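Read the structure below first, then the notes.
Nothing in this text is a laboratory measurement; each read-out follows from the coordinates by a stated rule. This structure is a prediction, so every number in the text was calculated from the model and none was measured. Heads up, the Cβs are rebuilt from the backbone with ideal geometry, glycines too, and the neighbour counts pull from every protein chain shown.
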Amino acid sequence: MKIITIANQKGGVGKTTATMNLGVALQRRGYRVLLVDGDPQANLTSYLGVTPGEAPFENLRTLDEIYLSKRPIDGELRRQFIAVSGSGVSLIASDRALSGVEHYLFSRPDRELVLSRFLAGIRDEFDYVFLDTPPSLNLLTVNALCAADAVLVPVQPEFFSLEGIVKIRQSIEEIRSRWNPRLSILGVLPNQVSHRRKLSREVLDTLRAELGDALFATAIHDNAAVAESSGHAESVLDYDRASRGARDFTEAAEELIRRTTNHGGSKQART
Ligand SMILES: Nc1ncnc2c1ncn2[C@@H]1O[C@H](COP(=O)(O)OP(=O)(O)O)[C@@H](O)[C@H]1O
Ligand SMILES: [Mg+2]
């Protein structure tokens, strides 16, 4: 099982969109995929068409309960946290209750490692786990980074995108030295790229010069079908499989497979 955290302290760069569409693309390739909605805004949960508490998810438990549980979660109880969505990928869902969790977590001595422990218990059930995160470096994001083998950083081609990458690299260094030495950078994925825009091209050139191989060769283009698909609670691969967005995410998933295979999970990526 490879655990990949999607992170960038900036909001609106495509973390949730990448989690959803890479997850579905890998599931189409025959992998067993679990997505975890680690953001109290619960955009990923709605994108997958899951409403906790409503049919057919009446009995679904949500991520906040994993963080709040005083006992280890195993056996039959563990099953109650995993929903199978219409698209076939599995999900640990969230709702607003997750926003109250951080406050409580501070008093737990193992506060950084709760998610990691839970995922260790389902190691054999999935090939890829994607952890979506909120746009900040709070305890929810720290938990996701402590649980991960690698980090994928979506960026939009803007003037300040490099600053965001520098920040996330510093965070990764800190997580590595304190809790999770196996954490590597899987890569930086350019999103909402428009080749017609000079700024997009310039920023991509700068990113390539600065990041080298850490920059994905695949770029996700700005594509209306991608934005529309979330409103329809379908991945872009289901919403319009001939769209540019569907093709981009399918190609990015292929590159992700190559990168996870080459990096071999526990080895450090070149960054
Ligand atoms: N490649 C794309 N083309 C068009 N719209 C996109 C693309 N990627 C993301 N979006 C839109 O941009 C907005 C922010 O994306 P989102 O994945 O929610 O960002 P984040 O999770 O980082 O906050 C959403 O409305 C989404 O539909
Ligand atoms: Mg998001």
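Values as computed for the structure displayed
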item	result
Size of segment 104-174 as Cα extents on the principal axes (Å, biggest first)	41, 33, 19
Tail weight of P(r) past 22 Å, computed on alpha-carbon pairs of the chain, percent	53 percent
Span from the segment 3-30 Cα centroid across to the segment 111-165 one, whole angstrom	10 Å
³J(HN,Hα) computed for each position of segment 238-247 - Karplus, 6.51 cos²θ - 1.76 cosθ + 1.60, integer Hz, glycine/proline x	7, 5, 7, 6, 8, 5, 4, x, 5, 5
Estimated FRET transfer efficiency (Arg208, Glu76; beta-carbon r; R0 41 Å; 0.05)	0.25
Most mobile listed residue (Thr16, Thr261, Thr62) in the chain, GNM with C-alpha springs under 10 Å	Thr261
Table column - 3J(HN,Hα) (Hz), segment 67-74, Karplus curve with 6.51, -1.76, 1.60, x for Gly and Pro	5, 8, 5, 8, 10, x, 9, 9
R0 of 25 Å, Cβ-Cβ distance Glu251-Ala227: FRET efficiency to nearest 0.05	0.85
Label zone at His103 (point 7 Å along Cα-to-Cβ), backbone N below 18 Å, segment 15-43	40-41
3J(HN,Hα) from dihedral phi, segment 97-109, Karplus parametrisation 6.51/-1.76/1.60, rounded to Hz, x for glycine, proline	4, 5, 5, x, 6, 4, 3, 6, 4, 3, 8, 8, x
Size of segment 1-155 as Cα extents on the principal axes (Å, biggest first)	41, 37, 28
Segment 11-92: relative contact order in percent, alpha carbon pairs under 8 Å with at least 6 residues between	34 percent
Packing-based exposure ordering (other Cβ within 10 Å, fewest first) of Phe130, Phe160, Phe216, Phe57	Phe160, Phe57, Phe216, Phe130
Segment 25-139: relative contact order as a whole-number percent, Cα under 8 Å and 6+ apart	42 percent
Cα gyration tensor of segment 1-60 - equivalent ellipsoid semi-axes, whole Å, descending	20, 17, 10
Euclidean distance between Cα centres, segment 167-185 to segment 208-241, Å	26 Å
Under-5 Å amide H pairs with Ile122, H placed in peptide plane, nonlocal only	none
Mean Cα-pair separation over length for segment 2-263, i.e. relative contact order, pairs under 8 Å, 6 or more apart, %	26 percent
DSSP-defined beta bridges in segment 2-263 - what % are antiparallel, rounded to 5	10 percent
FRET efficiency, Trp179 to Leu68 (Cβ-Cβ, R0 25 Å, nearest 0.05)	0.75
